[in-house]
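What follows is calculated from the coordinates using simple rules that are stated; it is not laboratory data. Keep in mind it's a predicted model, so treat the numbers as computed, not measured. With ideal geometry, Cβ positions are generated from the backbone for all residues, glycine too; neighbour counts draw on all protein chains shown.
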Amino acid sequence: MLTFKEEVAGLLSSLIAMSPAEIAPLLEIPPEPGMGDYAFPCFVLARRQKKPPHVIAAELAARIEPGSIPGTVQNRGPYLNFYIDRPYLFEKLLLEITGRGIDYGKEKGQNKTIVIDYSAPNIAKPFGVGHLRSTVIGSALYRIYRALGYRVVGINHIGDWGTQFGKLIVAFRRWGDSSQLQKDPVHYLYHLYVQFHREAEKEPELNEEARYWFRKLELEDEDAVGIWEHFRGLSLIEFQRLYRLMGIEFDSYQGESFYNNMLEETLELVREKGLLKESEGALLADLEPYGLPPCLLRKKDGAALYITRDLAAAIYRYKTYRFSKLLYVVGAEQTLHFKQFFKLLELLGFPWADDCIHVPFGLIHFKDGRMSTREGKVIFLEDVINRAIEMAQNIIREKNPGLENKEKAAKAVGLGAIIFGDLVNDRIKDVEFDWEKVLDFSGETAPYVQYAHARICSILKKALGESATGSGERHFDGALARAEGLLEAPEEEQLLITLARFKEQLRRAAEEYRPSFLARYLLDLARDFNKFYHNCPVLTAGGSLKEARLLLIEGVRIVLHNGLELLGIEAPEEM
Ligand code: ARG
């Protein structure tokens, strides 16, 4: 089913020389309810048509045939205001939502593959805030595209190769303790890494030794490879444990090391195109004609670089998945890297180079020093998770002491707070992460949205008995409700209109790679529900009004639930 907005964009495109895709982003949500549910600003046409916008608006309004959209249109000054037919909301929307339940929002196959590269922590280096953001944003995009019917491949391009392994091997051979490594590999490897740097200040020969060991690793020396595999294996198990805890999925863990045996071929391709230059034994590509700095592809000691591996990986991924898009969810500080990398793909003549997209994001600063002081400017994912759950537990104990399964709710609320606290911001902006703020039950937070959902569950349970939620079998005659003047309070209308906006915000989140559109939408919906609930009693309403309101909130419950799930957040029934 097309959304109302899509219907409007389609209609307008038949009247003016613009495609629906160009029109849709121009449609505004007016600041006041009386001004329509969507408005099209005719300024954009004034230059081209050489007429004042209010004249264009009047002419267009006169040309629109009644019945061509499920709504009406009115010109007002330079705007065309569109009003969704209320019966459409009753009869189509609410029934579609409640009929499809947990599948509402899911679309059929697109027969297109989207590959998403996200999270990608580095072994033995700290799991930085950048990795946290990448994990959360990438995972939301993964879920959103999957719901929209794409084949999605989530790849964790683990940083499992590089000179740090030479250092770690040296550190482990000198000071290592196997039982500590087993117990807590992620922290312990980082500890060794820090220790190495400290000791190397006093004893610079250590660096030489580390280079020696890395060299051995590159030459596939058995001892070196054995230790490396051990470090890598233990770290992966630990990462996977945390991902599972957070509900994050990947289809592949092919990290940087996976491309080791493809690097020569890759360099050969660059050479064939005449792009490779030698400079003091190192190999680089000159990108100066394109206004970019030259990029080093092989060091003089023969070691390949991050970008060389990225080239090999992209080529491999295209061969393997034939993607229609390959998204890299990586911090904005790597913008230059991606410019160089994509330029090289283009110069190598790959037509799909244009389908590789860097999805950048800003930094997070943790307001609470506790997160950033442990051995330097570092966060550990696990510490963030534990802290969030612990704080959520305290809040829930206070707010709802009688709740049965507090652990479960605390996990949903704590993890939800971290994820939503990130996603609610436009990704490109820097974020200040403040624990008090993200866990505030009345703020722009996951708990606020989750609480609206839990509240609806409790109302439905009271009205319909224990097994109320999720049945979706209640019969509702939308036409009758309309005839009897039900659901006509302003809060009810607003709630219906907001419900009608879910799909467009979902699509927008996908198109612009910005889960924030969906997160902000859920806040609006939760807010509109709270306003409604404040003014329109459900359980004490009489007869068919009660029925209609129950159906309305069931629709809201489903959309809140499905929307949170698309962001990777659980919606507990009680909290
Ligand atoms: N491991 C890298 C880092 O921590 C991120 C990798 C992102 N993915 C990629 N294909 N370059 O900076």
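Points to keep in mind about this one:
- A dipole drawn for the chain from +1 and -1 charges on Cβ atoms has a positive end, and of 153, 556, 27 the residue lying farthest that way is 27.
- Added length on full extension, which subtracts the Cα-Cα distance from 0.36 nm per residue, residue 436 to residue 565: 44.1 nm
- Cα-centred dipole magnitude for the chain, charges only on beta-carbon of K, R (+1) and D, E (-1), debye, nearest 20: 760 debye
- Only Cα pairs under 8 Å and 6+ residues apart enter the sum, and on that basis the relative contact order of the chain stands at 15 percent.
- Gyration tensor (alpha-carbon) shape descriptor, the chain, a/c threshold 1.5: oblate
- Computed magnitude of the charge dipole of the stretch 186-301 (debye, nearest 20; Cβ of K, R +1, Cβ of D, E -1): 380 debye
- Point-charge dipole on Cβ atoms (K/R +1, D/E -1) for the stretch 501-575, about Cα centre, debye to 20: 320 debye
- Its DSSP H runs of at least 4 residues, each contributing -39,500 (n - 2.57), put the calculated 222 nm mean residue ellipticity of the chain at -17000 deg cm²/dmol, to the nearest 500.
- Reachable lysines from residue 408, criterion Cα separation under 24 angstrom, eight or more residues apart if same chain: 399, 437, 461, 462
- For the stretch 267-308, the share of alpha carbon pairs falling in successive 5 Å distance bins from zero is 6, 25, 31, 28, 9, 1 percent.
- Backbone N within the stretch 216-249 under 15 Å of label point (7 Å from residue 299 Cα along the Cβ vector): 216-219
- Residue 546/residue 102 FRET efficiency (R0 25 Å; Cβ-Cβ; nearest 0.05): 0.55
- Under 12 Å, Cβ to Cβ, from residue 241 - net charge with Lys/Arg +1 and Asp/Glu -1: -2
- A crude spin-label estimate for the pair residue 290 and residue 112, with each label 7 Å from Cα along the Cβ direction, gives 2.4 nm.
- Local net charge near residue 531, Cβ-Cβ under 15 Å (Lys/Arg +1, Asp/Glu -1): -2
- Taking every DSSP bridge with both residues inside the chain, close to 50 percent are antiparallel.
- Within-10-Å neighbourhood charge of residue 223 [Cβ basis; K, R +1; D, E -1]: 0
- Taking a point 7 Å from the Cα of residue 273 along the Cα-to-Cβ direction, the residues of the stretch 328-365 with backbone N closer than 11 Å to it are 341-354.
- FRET efficiency, residue 527 to residue 32 (Cβ-Cβ, R0 22 Å, nearest 0.05): 0.85
- Spin-label model distance (nm) - residue 49 vs residue 320, 7 Å beyond Cα toward Cβ: 5.2 nm
- The distance between label points at residue 462 and residue 63 comes to 5.4 nm (points 7 Å beyond Cα on the Cα→Cβ vector).
- Candidate aspartates and glutamates - alpha carbon under 19 Å from residue 50, same-chain residues fewer than 8 apart omitted: 59
- Remark: relative contact order (the stretch 245-363) = 21 percent; criterion is Cα-Cα distance under 8 angstrom and separation of 6 or more residues.
- Among 240, 347, 395 - extreme Cα towards positive end, dipole of the chain, charges at beta-carbon: 347
- If R0 is taken as 25 Å, the Cβ-Cβ distance between residue 222 and residue 251 corresponds to a FRET efficiency of 0.20.
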